[in-house]
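Following: one structure in structure tokens, then a few remarks.
The values are calculated or read from the model by the stated rules, or taken from the named source; none is laboratory data. Quantities reported herein were computed from a predicted structural model and do not represent experimental measurements. As a convention, Cβ positions derive from the backbone with ideal geometry for all residues, glycine included, and neighbour counts pool all protein chains shown. The area values use the complete protein model at the heavy-atom level, side chains included, leaving out ligands, DNA and RNA. Shrake-Rupley method; radii C 1.70, N 1.55, O 1.52, S 1.80 Å.
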There are 2 protein chains.
Amino acid sequence: MHAGTVRRRHDTTAVNPRAAHLSLALRHVAEASGQISRADIAARTGLNRSTASSLVDELITGGLVKETGATPRTRAGRPATALALRDDGPAGLGVDVNVDYTAVCVVDLTGAVRYKHVVAEDQRGHTMAEILDRINTLSRAAHAAARADELTLCGSAIAVPGIVDRDRATVTLAPNLGWRDLAVTEVLPADVHGLLDNEANFAALSEPGLLRARASYLYVSGQIGVGAGIVLDGHLYRGTHGWSGEIGHLTVDRDGPPCPCGRRGCLERYAGQEAILRAAGVSSDPGTALGVRPTITLIADRARSGDTATLAALTRAGEVLGATLAGCLNLLDLGHVVLGGIYRDLAPWIAPEVEREVATQFLGAPWARPTVEVATYGPEAPAIGAARSVIHDVIGDPLRWLNR
Amino acid sequence: MHAGTVRRRHDTTAVNPRAAHLSLALRHVAEASGQISRADIAARTGLNRSTASSLVDELITGGLVKETGATPRTRAGRPATALALRDDGPAGLGVDVNVDYTAVCVVDLTGAVRYKHVVAEDQRGHTMAEILDRINTLSRAAHAAARADELTLCGSAIAVPGIVDRDRATVTLAPNLGWRDLAVTEVLPADVHGLLDNEANFAALSEPGLLRARASYLYVSGQIGVGAGIVLDGHLYRGTHGWSGEIGHLTVDRDGPPCPCGRRGCLERYAGQEAILRAAGVSSDPGTALGVRPTITLIADRARSGDTATLAALTRAGEVLGATLAGCLNLLDLGHVVLGGIYRDLAPWIAPEVEREVATQFLGAPWARPTVEVATYGPEAPAIGAARSVIHDVIGDPLRWLNR
DNA sequence: TTCGATTTGTTGCTGGGCACAACATACGGC
DNA sequence: GCCGTATGTTGTGCCCAGCAACAAATCGAA
């Protein structure tokens, strides 16, 4: 079940066993894609074989699951028929509105990205209406592409750089876009109700291992700010208001340099994009449009060519970031960190430092060595994660798709 | 459902609707004690009135719920019969083994503490066998007291200062007790299976508001170290290994004083008991037995009499603690902190500082002002929370009690 | 006071869905 | 070719939630 919409925030409501079991069976198919049979589902869930069969049949006739021939026969006995998710059923539309680009993508039930389109253009030169219009146009194109690919869009989600109110589907505040109390999902095609969340949160959902391994990890997204998505047991933890993961303003040094937020020595002042650029001696003039990517690849180029100032800046940033993350891991008892955003591009220099800091400062290290991983997707992560969240909702409540 | 034992760590198993609904009904009775009727339960859960009646009847015949006359009649219509938890049914046994005292208590289904006994004696002068023997003796006495009070002990839980492996019911490491890989729950009466957890975690469960309000908060437990229990939506969050809440070694200042853990500038070095004592100019010689309480009350006395060094030490500790907690709240998006352990005794001087720091540094403050609260229970909190965790398990799975 | 309106709790009925058992199916091994 | 084994299907019974009708207990108004 996707932690967001279907979330049993108050699990004080009655349970529908059929719906729960359909989701359960579908989840097992998704987690062990292509290598699972009806009997396996029965064994793993504790349900009776006949019940599992009935559930799978309903999922098959509903167009969510298909049989994929027989499994490789190993033991004696009748060979099982393998089950897998259909890749021509429901699909999710993901949109990412960032400061200097807009991205849309379509993800099918298996989690595969079936369509992707990125428009790299700084939003700051455009009015709100123009931005919304672009979102609308891109969404329509994605919608058409999905239909041409025999996919049925069954939902959409928008990632924005800011604070959102998910219940009201409203952007509370997105400073870099100049948005405040904006119901942005209304520009989406009417037949797909729109979800909404922070970029870091959706980016965290883009990791492919999430569903398969029922993972718990901290996804760190380095951008102009530094955010994080907290994934616990395969579910995004959003906090009481939906603002979880605000690590950019954790205090590194109470006597450190002042931060626009009013405090001193925030993590962003050491490991944020601007701080890295400044420490490396690169001008970070916001007037040079298309800011984010190019400057970061510039940094990477410099580091690759051995520029000492750049290498020192990255080492320092990695150290500070690692130390801060170690604290987060200690608080949450998480054993896994994923480096996303700019840290993914800078991973060759940042990751070792983070790994070292985390290994030495994680208190559980003697019993469980923490791992640091580089994100699978780069700038397209929020859009993919957004689309995937739609898929998660289908898997969490397949009945809504079945009797649509 | 209690997040610990009954926890759907992998919610990959079939659901038993009857069990879930019994728990649901019982939970509603517990949350709205004395002011709820069968019809209310039906309305709030979405279950049919007849179903709610059936569930309540089963809970009544099982000895978990009772009718308490009629409700004050306000509107027209047949007056409802109020329901409440029985206080003469199942009860939980809680044990707290700390460095300088051992505590046991019995909590009934309503959450009330029905028996309590604390033996203040430093464990460091005794062998492991002696300590275990004392636990056994105290437990037997509590068992007898519960029986004399017409209560039926249906489970037990032990709080220890250290790292535990809940699945194996084993203390992995309790430095101050000298324990390592000890299956401490085996000394409990055989008919009550023993749970096990860290003191801070159980202490967090001792707060009475937990069940009623489905709360989310950070319970900070100041002792020799500084620990925390993370409560999300009324459930204790224990992390992937059960070590969550380790805030004592969050870094306050990377260039700060060295800490025995090998790092520098850990929170404990500023807001831990020893640090406060030292900063206040009080000797913290560990040779003076019965260390914890008396020295803390001494500090409180000094502060009350206006000793400037003491007041400065407390202000500083509160500041640093508050700043660190603000970071935790930002990461987890929690809006509520409970100050427990020594911070409860020192609350008059610590709490305002914490409150100020949290208010200014919590990023969500403009939309949701964070609150700081003083813990309900003092040193007995872990034992009470341990006992209460047993009760939570009964409420989370009443069937196990009903067909015992 | 009486009668309708209203809300609560109970009872009998129905149907959905799961467990169970028996059976058909399809292999491997001897 | 036969037996053992594992998978998937079919038929049966039971649990339990929903539904509707009814009894119970109050309020309000004529």
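Observations, loosely collected:
- All of B:Arg254, B:Arg214, B:Arg180, B:Arg168 fail the test of being within 11 Å of chain A (Cβ to nearest Cβ), over 20 Å from B:Val107 (Cβ atoms) and of a type in the set (D, E, K, R), apart from B:Arg254.
- Counted residues, the stretch A:59-84 - those being within 9 Å of DNA strand C (Cβ to nearest atom) and either within 16 Å of A:Ile395 (Cα to Cα) or not aliphatic (A, V, I, L, M) (or both): 6
- Of residues in the stretch A:38-52 being assigned to a loop (DSSP other than H, G, I, E, B) and open to solvent by 50 Å² or more (accessible area, probe 1.4 Å), the one farthest from DNA strand C (Cβ to nearest atom): A:Gly46
- Matching option when the condition is closer than 26 Å to B:Ala30 by Cβ, modelled with pLDDT of 95 or more, open to solvent by less than 60 Å² (accessible area, probe 1.4 Å) and under 18 Å from the mean Cα position of the chain (by Cα), among B:Ala146, B:Ala142, B:Ala203: B:Ala203
- Contact map, the stretch A:43-64: residues that are within 11 Å of chain B (Cβ to nearest Cβ) paired with residues that are open to solvent by 20 Å² or more (accessible area, probe 1.4 Å) and charged (D, E, K, R), Cβ distance under 6 Å, separation 6+ or inter-chain. Pairs shown: A:Ala52/A:Arg38.
- With respect to the conditions (1) at pLDDT 95 or above; (2) out of contact with any strand residue (DSSP E or B) (no Cβ under 6 Å at 6 or more places or on another chain); (3) within 28 Å of A:Pro175 (Cβ to Cβ), A:Glu130 lacks only one, and its number is (1).
- Considering residues of the stretch A:331-371 that are crowded, with 24+ Cβ neighbours inside 10 Å and in a strand (DSSP E or B) only, the residue nearest to the other protein chains (Cβ to nearest Cβ): A:Val337
- Of the residues B:Gly89, B:Gly4, B:Gly111, B:Gly69, the single one that is within 12 Å of DNA strand D (Cβ to nearest atom) and either buried (at least 17 other Cβ atoms within 10 Å of the Cβ) or modelled with pLDDT under 95 (or both) is B:Gly69.
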